[in-house]
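Written out below as structure tokens is the structure these notes cover.
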Amino acid sequence: MKDGQKSIYWIAGMSQQEVAHSPFAEKLVAEGYEVMYLTDVLDEYVMQQLTEFEDFKFVNIAKEDVDMSPEAEGEDKAAAAKAKKEAAKALKETFKPLTGWWKEQLGSKVAGVKLSTRLSSTPCVVVASKWGQSANMERILKASAFGDQSKAAMMRGQRTLELNPDHPLIVGLKDKVVSDKDDAAAKDTAALLYETALLESGFESDDPKGFTQRMYELIKGKLGVTAELPGSSKQEEPAAAAAAEEDAAEDAAADDTDKQEL
């Protein structure tokens with residue numbers, strides 16, 4: 001293992017390619033840390049029963065509370081650690097408008113939104129809580145003939161959206177939210193980023209239809225298409241308004257009929 005590595009990092013998935021390209025491992029691998037790739041169905045069951053090996057703790061990097069911020073170095077480690085803590089606090093305050101706003105947008109879909117230290121090139125990821133089920137375990141239980149679907153649904157709320165504060169997309173979204181928290185483009189971008197993070201993190205999309213519709217709208221803009229797409233909310237608005245007017249007219253006619261009968 002790399003000098004200074006204090007934990008045995010691991011991640012479980014369906015294939016070697018999946019875990020090797022996981023956003024959870026990108027920073028660890030880039031910085032030279034060793035990560036165990038587990039691809040057998042029983043691996044995660046076994047790892048849940050193991051806590052440490054020769055004073056090295058096992059850490060599932062697909063779950064929350066994985067701190068990848070650099071350790072304080074130098075002679076005065078206490079002062080360096082204090083400076084590091086203050087810098088993290090200042091960064092948290094800078095992004096507080098975005099994390100609070102994004103949690104409001106997602107509601108009960110996530111337990112919280114916070115900054116991450118585990119990411120390098122990925123804008124955001126969705127992680128399981130420390131005692132919750134990882135995306136891999138959710139897939140295993142769902143495929144099981146004896147899987148408890150009600151329990152799986154209950155665990156869905158135990159997820160956290162982690163943001164990469166150095167990524168241009170996250171910085172840009174923060175600036176847009178600060179300037180106008182009701183901006184429609186900001187809300188669409190946040191929804192698309194979250195749904196993309198879900199898929200890249202191994203989870204299933206909460207709203208496949210909404211996700212695909214947002215992707216179509218994005219492609220439409222790239223191609224310069226001006227016509228409204230079939231099934232889009234903008235196209236449905238006139239039809240909904242016409243239906244509402246028709247219902248109102250029918251109600252008014254019914255009221256007139258009742259008055260005449262009286």
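The values are calculated or read from the model by the stated rules, or taken from the named source; none is laboratory data. Everything numeric in this text was worked out from a predicted model, so none of it was measured. With ideal geometry, Cβ positions are generated from the backbone for all residues, glycine too; neighbour counts draw on all protein chains shown. SASA here: full protein model, heavy atoms, side chains in, ligands and nucleic acids out. Shrake-Rupley method; radii C 1.70, N 1.55, O 1.52, S 1.80 Å.
Can you list the lysines whose alpha carbon is less than 17 Å from that of Lys220, not counting same-chain residues fewer than 8 positions off?
Lys209, Lys234
So how strong a dipole does the range 174-221 carry about its Cα centre when Lys and Arg Cβ are +1 and Asp and Glu Cβ are -1, to the nearest 20 debye?
120 debye
How much of the accessible area of the range 26-141, probe 1.4 Å, is carbon plus sulfur, in whole percent?
54 percent
How would the range 1-115 be classified by its alpha-carbon gyration tensor: rounded, prolate or oblate, with rounded meaning a/c under 1.5 and the a/b versus b/c comparison settling the rest?
oblate
What full-extension length gain, to one decimal in nm, is calculated for Glu104 and Ala227 as 0.36 nm per residue of separation minus the Cα-Cα distance?
Contour length minus Cα-Cα distance gives 41.1 nm.
Give the peptides 170-180, 192-202 in descending order of average Cβ contacts within 10 Å, highest first.
Highest to lowest by the protection proxy: 192-202, 170-180.
Report the net charge of residues surrounding Glu104, where surrounding means a beta-carbon distance below 13 angstrom and charges are Lys +1, Arg +1, Asp -1, Glu -1.
Net of charged neighbours comes to +4.
Taking every pair of Cα atoms in the range 16-60, average 1/r, invert it to obtain the Kirkwood radius, and report Rg/Rh to two decimals.
Result: Rg/Rh = 0.98.
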